[in-house]
Amino acid sequence: MAGNKRFPRRPSRTVHVGPVPIGGAHPVSIQSMTTTHTRDLRETLAQIRRLAAAGCDLVRVAVPSLSDADALAQLVRSSPVPLIADIHFTTSLALKALEAGVAKVRLNPGNIDDPDGLRRVLARAAELGRPIRFGVNSGSVRGAAGARLVRRPARGPRARAAGARLVRRPARGPRACATGASDSRDLARLMVDVLMEWVHQAETEGFRDLVLSAKASDVPTTLEAYRLLAEACDLPFHLGITAAGPMDEARTRSAIVLGALLSEGIGDTVRVSLTGSPVNEVLMAQEILAELGLRPRLGLRIISCPTCGRCEVDLIGLVEALKARTRDVLAPLTVAVMGCVVNGPGEAVEADVGVAAGKGHGILFREGEVVRKVPEKDLLDVLLQEIRTLADKARR
Ligand code: SF4
């Protein structure tokens, strides 16, 4: 599904990451990144397979050393999804990754200071028809490359051609000294300026298969950076917020960033990053995209009330048990679990299946019709049976 009427996508160029198109009218794809040492073939491949099984379209692997680069060819051969090499500092590793067959390379302009190496990577990627993502993070862009750009702003037609709006005002104050940016807006501009300078260099070399990302670790800077980027170019964007934190924090920050930007049509591929299992990154990304109607749902959509003093059953326990026992159900069914008759029947009737609880029992609804009254002790089993029957029907 490529955007929808409510959230039309920003027009962008299409690049192909192996068989997965990014940008244009193509579906917003889901990415994640392995947490293993890439050179550990067995563990890395096992994690790639788990990610692919969870619905991940593209998997990125870290390539910090030669031994990691040496593992790539085997991983590429065995992976069920296209692999992306994540490269910092060293362009020679990017060349090795390209030779190993990765479908895309991510370079960090914030920590690569090697124009000749960059030219070689661009030339080889062009020969092989592989795209490159220039991905800056707020943390790394404050370093050498970012600082140099701030000190030496490009002017004239070259900067205009790149769409660059370089930081013109030196940052001040203790925080500014540390960051090179006086506030979130300056930091967002710095990220965009560094990116657009790299875009200009790549396009000067004739290389156009680019994807961009500008991730900060806070919501306002990330939103600002992507909105500025969207004004500056028509390249496809990889969306995300960096260092998003553990599960709960990551869920909130990612939902705000991805939700806001995707609802403005900005974003072509997404990564929810979190400190924890990358499979959860994929599940969260699916949830966000499905709620926006940008991807079909892979699994149940449970709607349940928060409960209140009117609820006479253990609804929280029921919902937790239902969630735990339906993780394998991939049918896009809506299941309503409501605590009483105030809103219960209304919500349940709109769901594929649902219950509205009473005192020690629940009323079962299926596809808008009341089916029967079910004792509280049987509610979970009856709901599970109904869900599996509807899921089987949906598969046929
Ligand atoms: Fe309370 Fe009933 Fe609303 Fe649930 S559906 S929050 S129990 S009023």
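The values are calculated or read from the model by the stated rules, or taken from the named source; none is laboratory data. From a predicted model like this one, the values you see are computed outputs, not experimental measurements. Cβ coordinates were reconstructed from backbone atoms using ideal geometry, including for glycine residues, and neighbour counts include every protein chain displayed.
One residue is enough: does the stretch 247-263 have a residue meeting the conditions in a loop (DSSP other than H, G, I, E, B) and buried (at least 20 other Cβ atoms within 10 Å of the Cβ)? Write out each step before concluding.
Pass one, the stretch 247-263, residues in a loop (DSSP other than H, G, I, E, B): none.
Looking through the stretch 247-263, none of the residues is in a loop (DSSP other than H, G, I, E, B) and buried (at least 20 other Cβ atoms within 10 Å of the Cβ).
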**Fill in**
Residue pairs qualifying under the 6 Å Cβ cut-off, at least six apart or on distinct chains, with the first in the stretch 295-323 being within 18 Å of Asp378 (Cβ to Cβ) and the second being of a type in the set (D, E, K, R), are Glu312/Lys359; Val313/Glu376
**Message:** Pairs needed: first member in the stretch 42-65, surrounded by 17 or more Cβ atoms within 10 Å (Cβ to Cβ); second member anywhere, basic (Lys, Arg) and assigned to a helix (DSSP H, G or I); C-beta distance under 9 Å; at least 6 residues apart or different chains.
**Reply:** Cys56/Arg50; Val63/Lys96
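Check whether at least one residue in the stretch 371-385 is within 16 Å of the ligand (Cβ to nearest atom), in contact (Cβ under 8 Å) with a residue 24 or more places away in the chain and on the phi < 0 side of the Ramachandran plot, and report yes or no.
Going through the stretch 371-385, the residues within 16 Å of the ligand (Cβ to nearest atom) turn out to be 376, 379.
With in contact (Cβ under 8 Å) with a residue 24 or more places away in the chain added as a condition, the list becomes 376, 379.
Still in the list and also on the phi < 0 side of the Ramachandran plot: 376, 379.
Yes: the stretch 371-385 contains one or more residues that are within 16 Å of the ligand (Cβ to nearest atom), in contact (Cβ under 8 Å) with a residue 24 or more places away in the chain and on the phi < 0 side of the Ramachandran plot.
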**Asked** Within the group Ser273, Ser213, which residue is on the phi < 0 side of the Ramachandran plot, buried (at least 16 other Cβ atoms within 10 Å of the Cβ), assigned to a loop (DSSP other than H, G, I, E, B) and in contact with a strand residue (DSSP E or B) (Cβ under 8 Å, 6 or more places away or on another chain)?
**Response** Ser273
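If I ask for residues that are within 8 Å of the ligand (Cβ to nearest atom), buried (at least 16 other Cβ atoms within 10 Å of the Cβ) and of a type outside the set (A, V, I, L, M, F, W, C), which ones from the stretch 300-319 would you list? Steps first, please.
Step one: list which residues in the stretch 300-319 are within 8 Å of the ligand (Cβ to nearest atom), which gives 305-311, 315.
From what is left, the residues that are buried (at least 16 other Cβ atoms within 10 Å of the Cβ) are 305, 307, 311, 315.
The one that is within 8 Å of the ligand (Cβ to nearest atom), buried (at least 16 other Cβ atoms within 10 Å of the Cβ) and of a type outside the set (A, V, I, L, M, F, W, C): Thr307.
Which residues, taken from the stretch 320-350, are within 24 Å of Gly55 (Cα to Cα) and either surrounded by 14 or more Cβ atoms within 10 Å (Cβ to Cβ) or within 14 Å of the ligand (Cβ to nearest atom) (or both)?
Ala321, Leu322, Lys323, Arg325, Thr326, Val329, Leu330, Ala331, Pro332, Leu333, Thr334, Val335
For (1) of a type outside the set (Lys, Arg); (2) touching a strand residue (DSSP E or B) at 6+ places or on another chain (Cβ under 8 Å); (3) part of a strand (DSSP E or B), each residue gets a yes or a no:
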position	(1), (2), (3)
Ala285	yes, yes, no
Ile288	yes, yes, no
Arg297	no, no, no
Arg310	no, no, no
Ala321	yes, no, no
Ala324	yes, no, no
Ala331	yes, no, no
Val342	yes, no, no
**Item:** Pairs with Cβ under 9 Å, 6+ apart, first in the stretch 326-349 and of a type in the set (D, E, K, R), second more than 9 Å from the ligand (Cβ to nearest atom) and at pLDDT below 85
**Value:** none
